[in-house]
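Colleague: I'd like to ask some things about the structure below.
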Amino acid sequence: MRFVFLGLPGAGKGTQARVLSERLGIPQISTGDTLREAVQEGTPLGIQARIYMDRGEYVPDAVMVRMVDERLHDPDASKGFILDGFPRTVPQARALDEVLAVAGTPLDAVVQFLITDDIAIRRITGRFTCPMCKRTYHEEWRPPAEDTVCDVDGTPLEKRNDEDTLTVKRRLAIYREQTQPLEAFYAERDLLRTVNAEAPPDAVSDGMFEALRDLL
Ligand code: AP5
């Protein structure tokens, strides 16, 4: 099964991709996580990407398409994948179509997680992330069992550089301008499934499984 997850920053794409990945045994491919790793390692990609990410802007399409094309050729992606954070622009979506057409492996569904801007801002400004396993926590809605460390591996949790309110508002505006057109792009191809993502995480997972029921 091959899925794309769409939704505002903070919609819960990463949270739900992890759930579906575990259920289906297919990898979650998060372009945000891959870029943050490159930034942390100080690779040429990371040095270039950081300038855009810290401002809440998108990394150029050509860089992202090359990165995802390479990742989709890894053996673990051969039986399926969940793309979390890609595509984010129409040119990226067209490029993905071409890569998958060459491989003869089209997408099965695009899942769009719906939340309001206010919820997006509250979720992101309250988020903490484990730099080791990438699990996310929330100070209000999903606190870790022990104050500031990851429940799974005990690593101290961190805040990202793009989580202050001003940068989040900028990310929301860029989403509206550059990513929202993908809703029509995928609706026209009869791939779009929508999930109300404002409920607690388990209820959102139920909604996701319901939206994909005929495929799973
Ligand atoms: P990326 O890391 O992909 O960020 P994003 O898409 O903006 O999404 P987030 O990771 O902020 O949110 P999410 O929807 O995954 O929510 P989460 O599950 O964490 O990208 C970062 C940057 O990288 C971009 O700005 C750009 O610069 C660059 N980039 C990446 N891909 C790119 C591309 N294709 N092209 C160009 N540039 C690219 O949940 C959020 C919080 O809410 C967490 O604390 C979580 O615990 C909590 N939560 C989740 N679900 C619920 C719930 N149901 N109820 C209550 N709390 C919840």
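The values are calculated or read from the model by the stated rules, or taken from the named source; none is laboratory data. The structure displayed is predicted, hence computed values, not measured ones. For neighbour counting, all protein chains shown are included, and Cβ atoms are generated from backbone atoms with ideal geometry for every residue, glycine included. Protein only, heavy atoms only, side chains kept; ligands, DNA and RNA dropped before computing areas. Shrake-Rupley method; radii C 1.70, N 1.55, O 1.52, S 1.80 Å.
Colleague: Please compute the length gained on full extension between Met1 and Asp117, using 0.36 nm multiplied by the number of residues separating them and subtracting their Cα-Cα distance.
Modeller: 38.7 nm
Colleague: What's the extension gain from Glu188 to Thr165 if we count 0.36 nm per residue and subtract their Cα-Cα distance?
Modeller: Difference between extended and current length: 4.9 nm.
Colleague: For the chain, build the charge dipole from Cβ charges (+1 Lys, Arg; -1 Asp, Glu) around the Cα centre, then report which of Ala109, Ile174, Leu157 sits farthest towards its positive end.
Modeller: Highest projection toward the positive end goes to Ile174.
Colleague: Using θ = phi - 60° and the Karplus relation 6.51 cos²θ - 1.76 cosθ + 1.60, list the HN-Hα couplings for segment 188-200 in order, rounded to whole Hz, with x at every Gly or Pro.
Modeller: With the stated coefficients, segment 188-200 comes to 4, 8, 6, 10, 7, 10, 10, 10, 6, 10, 8, 6, x Hz.
Colleague: Using a probe of 1.4 angstrom, how much of the accessible area of the chain is carbon and sulfur, in percent?
Modeller: 51 percent
Colleague: If eta is 1.306 mPa s and T is 10 °C, what Stokes-Einstein diffusion coefficient results for the chain, Kirkwood Rh from Cα pairs, in µm²/s?
Modeller: 90 µm²/s
Colleague: State, as an integer percentage, the relative contact order of segment 135-216 based on alpha-carbon contacts under 8 Å between residues 6 or more apart.
Modeller: 11 percent
Colleague: Moving on. Using a Cα-Cα cut-off of under 28 Å, which lysines could be cross-linked to Lys79, ignoring same-chain neighbours fewer than 8 residues away?
Modeller: Lys13, Lys134
Colleague: Between Thr155 and Arg213, what is the label-point separation in nm under the 7 Å Cα-to-beta-carbon projection?
Modeller: 3.8 nm
Colleague: How large is the accessible surface per residue of the chain, computed with a 1.4 Å probe and reported in Å² as a whole number?
Modeller: I get 51 Å² per residue for the chain.
Colleague: Apply the Karplus parameterisation 6.51 cos²θ - 1.76 cosθ + 1.60, with θ equal to phi minus 60°, to every residue of segment 125-140 and state each ³J(HN,Hα) to the nearest whole Hz, in sequence, with x for glycine and proline.
Modeller: Values, residue by residue: 5, x, 7, 10, 10, 7, x, 7, 9, 6, 4, 10, 10, 9, 4, 9 Hz.
Colleague: Below 13 Å, Cα to Cα, which aspartates and glutamates can Lys159 reach? Residues fewer than 8 away in the same chain don't count.
Modeller: Answer for Lys159, where 13 Å is the Cα cut-off: Asp54, Glu139, listed by chain and number.
Colleague: Still on this structure, please answer the following. No other cysteine beta carbon under 4.7 Å away is the test; run it over the chain and list who passes.
Modeller: Cys133 - these cysteines have no disulfide-compatible partner (Cβ-Cβ under 4.7 Å) in the chain.
Colleague: Which value, in Å² rounded to 10, gives the accessible area of Asp151 with a 1.4 Å probe and all protein chains present?
Modeller: Surface open to solvent at Asp151 totals about 90 Å².
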